[in-house]
Amino acid sequence: MYSLSFGFGVDQIVRGQVKLPAGRFGLLTNDAVTTAADSHTSSREALLQSGVRLTRLFSPEHGIAAAAADGASVPDGVDPMTNLEVVSLYGERMRPERAMLDDLDGVLIDLPDVGARFYTFIWSMSHMLEACGDAGTPVWVLDRPNPIGGDLAMSEGPLLDVESCASYLGRYAMPIRHSLTLGELARLWNFEQQLNVDLHVVPAAGWNRADHQPATGAPFVSTSPSMRCYSSALFYPGVCLFEATNISVGRGTEHPFQQFGAPWIDAAELCNEFASLGLAGVECEPVQFTPTMPPHEQQDCHGIRFNPVDPDRVRPVALGLMLLACAIKHSHGEFRWARYPTAANPAGDRHFELLVGRTDVAELLEGGPQNIASAVQSLTAAPDWRQRALPHLVYPETA
């Protein structure tokens with residue numbers, strides 16, 4: 001049940017609890033960004049109605065409608081809701097040009113996130129922050145809770161090796177599951193990367209770091225075509241690793257990122273191996289599904305589907321890595337690493353390395369699941385991440 005004490009950063013402005021200065025603003029956003037009380041009222045519509053003078057919109061991957069295909073180049077356009085110019089930051093450019101900022105008095109950033117390093121909206125924010133730092137343009141991040149929680153003890157590496165694996169799936173050294181909000185990431189990056197941004201974070205109200213999305217009472221709004229619900233977001237930091245293989249992650253089904261499979265997988269065998277791993281907070285069941293998107297489009301796939309019985313204990317990255325090792329073992333020689341072409345990586349090369357953030361993980365997983373638990377425990381450690389993040393938290397840790 002939605003509580004009136006809860007609100008996103010945009011709600012703080014709409015309610016008059018936070019005042020923006022007068023002037024012309026750009027807004028980096030999409031249709032997945034709504035007010036807390038009404039999932040049908042877009043952030044930009046609410047801001048305009050409250051008197052904020054928006055003059056230009058910027059959109060991340062999937063476009064202003066949050067509906068373009070994964071990785072597809074998105075052109076500039078005009079927003080049908082507001083008739084404002086929309087500058088795409090996932091197409092011919094990833095960073096706004098200086099002329100697009102010079103006539104603005106500030107930039108607002110209001111984007112959803114799902115708590116994973118390789119969900120590209122945060123990197124659109126990083127490019128905007130860098131550009132605004134160079135241009136001397138102030139930035140306000142209208143913050144939102146991390147839907148899979150802000151408990152820093154649940155952060156999961158590997159930490160990105162920037163020298164070997166920097167890309168649009170990760171530009172700065174951070175773990176896969178970061179347990180921060182966009183506002184906190186912006187504060188951290190502004191400090192560590194010395195971006196020199198005049199940065200302001202408008203916090204969400206009524207959120208505790210331990211809360212996952214269902215605890216807020218606000219509806220989950222699909223953030224991109226295959227991110228349809230909270231459970232998809234919870235498992236995404238681990239199951240998305242299968243995107244770099246010839247195994248379907250459930251895109252084109254009713255349960256993307258909550259299941260994976262391929263025509264050649266023995267679902268019962270894999271499910272039994274999963275159960276033997278004793279992973280906390282999650283159960284699985286063997287399933288058959290027919291995806292409408294590659295890989296294995298319109299083919300019957302066999303695999304497993306996850307059920308979060310205790311979401312607070314689920315460690316999705318560890319789950320994904322362990323299951324990759326198991327899937328390779330039980331592939332009967334059919335498993336392959338795969339390219340994944342996108343506008344940011346047209347050839348699609350090294351997709352697994354760029355997702356996981358290191359160059360040595362694939363070989364380890366191919367070695368089989370022997371002692372995989374201890375290997376994954378080491379891989380998913382996020383050394384010093386909590387210490388780095390603590391000075392930049394917007395929402396305090398609770399005892």
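The values are calculated or read from the model by the stated rules, or taken from the named source; none is laboratory data. Note that the structure is a prediction, hence the values are computed from the model and not measured. With ideal geometry, Cβ positions are generated from the backbone for all residues, glycine too; neighbour counts draw on all protein chains shown.
Here are the numbers for this structure:
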quantity	calculated
Some residue of segment 195-208 being surrounded by fewer than 24 Cβ atoms within 10 Å (Cβ to Cβ), of a type in the set (D, E) and more than 21 Å from L393 (Cα to Cα)	no
Qualifying positions in segment 223-279 - of a type in the set (D, E), in a helix (DSSP H, G or I) and farther than 23 Å from A373 by Cβ	E243
Candidate set: segment 285-336, residues that are touching a helix residue (DSSP H, G or I) at 6+ places or on another chain (Cβ under 8 Å) and either assigned to a loop (DSSP other than H, G, I, E, B) or hydroxyl-bearing (S, T, Y) (or both); chosen: the one farthest from F352 (Cα to Cα)	V314
Residue within segment 337-351 that is at pLDDT 95 or above, in a helix (DSSP H, G or I) and not assigned by TED's automatic domain parsing to the domain that holds E61 present	yes
Residue that is hydrophobic (A, V, I, L, M, F, W, C) and either farther than 22 Å from T342 by Cβ or in the same structural domain as G348 (by TED's automatic domain parsing) (or both), where the choices are W123, W140	W140
Candidate set from segment 160-173 (those that are touching a residue at least 12 places away in the same chain (Cβ under 8 Å) and either aliphatic (A, V, I, L, M) or assigned to a helix (DSSP H, G or I) (or both)); member that is farthest from A347 (Cα to Cα)	A173
Pick from segment 16-39, criterion β-branched (V, I, T) and assigned to a loop (DSSP other than H, G, I, E, B), ranking: nearest to G217 (Cα to Cα)	T35
Every residue from segment 138-168 that is surrounded by 24 or more Cβ atoms within 10 Å (Cβ to Cβ) and among the polar types (S, T, N, Q)	N146, S155
Condition met for P391 (farther than 17 Å from L241 by Cα, touching a residue at least 24 places away in the same chain (Cβ under 8 Å) and not assigned by TED's automatic domain parsing to the domain that holds I247)	yes
Single residue of segment 103-159 satisfying the filter (among the small types (G, A, S) and assigned to a loop (DSSP other than H, G, I, E, B)) that is nearest to the chain's Cα centre (by Cα)	G115
Residue list for segment 68-95, restricted to those being under 18 Å from I122 (Cα atoms) and in contact with a strand residue (DSSP E or B) (Cβ under 6 Å, 6 or more places away or on another chain)	V74, V87, S88, L89
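Conditions (1) of a type in the set (A, V, I, L, M, F, W, C); (2) in a loop (DSSP other than H, G, I, E, B); (3) modelled with pLDDT under 95, marked per residue:
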site: P175; (1), (2), (3): no, yes, no
site: G183; (1), (2), (3): no, no, no
site: L188; (1), (2), (3): yes, no, no
site: N208; (1), (2), (3): no, yes, no
site: D211; (1), (2), (3): no, yes, no
site: A218; (1), (2), (3): yes, yes, yes
